[in-house]
1. Does the range 1-26 hold any residues that are over 28 Å from S42 (Cβ atoms) and either more than 11 Å from the chain's Cα centre (by Cα) or among the basic types (K, R) (or both), and which are they?
2. Identify, from the list Y47, Y29, Y4, the residue that is among the aromatic types (F, W, Y) and free of Cβ contacts under 8 Å to residues at least 40 places away in the same chain.
3. Tell me, which strands (runs of 3 or more DSSP E) wholly within the chain include 3 or more residues that are modelled with pLDDT of 95 or more and surrounded by 13 or more Cβ atoms within 10 Å (Cβ to Cβ)?
Amino acid sequence: MKAYQIIAGHAQAMEDFEQKVAEALELGYVLGSDLIAHSHGSELKFYQAMVLPEEDFEDEEDEDDWEEDEEDAE
């Protein structure tokens, strides 16, 4: 899973936005920030940052870099 995601939605489909946030919470994500609301003309959009707690996130790329650093140190 990604370490973070941004969920976007708009006022006309608030139930869909809420469902996406709920699904992310069920997968183990936590709220990464306050809800952001942005008005553009007559349209109101919402954005919610979701992050995985560090203990649930494994970045394979970082592990590879760590192994390479160990080899260079020898």
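The values are calculated or read from the model by the stated rules, or taken from the named source; none is laboratory data. Given the structure is predicted, the values throughout are model-derived calculations rather than measurements. Cβ atoms come from the backbone with ideal geometry, glycine included; neighbour counts cover every protein chain shown.
1. Hits for the range 1-26 are K2, E23, E26.
2. On the way: Y47 fails: free of Cβ contacts under 8 Å to residues at least 40 places away in the same chain; Y4 fails: free of Cβ contacts under 8 Å to residues at least 40 places away in the same chain.
None of the other options fit; the residue is Y29.
3. Values: elements: 4-10, 36-40, 43-51.
Strands (runs of 3 or more DSSP E) meeting the threshold: 4-10, 43-51.
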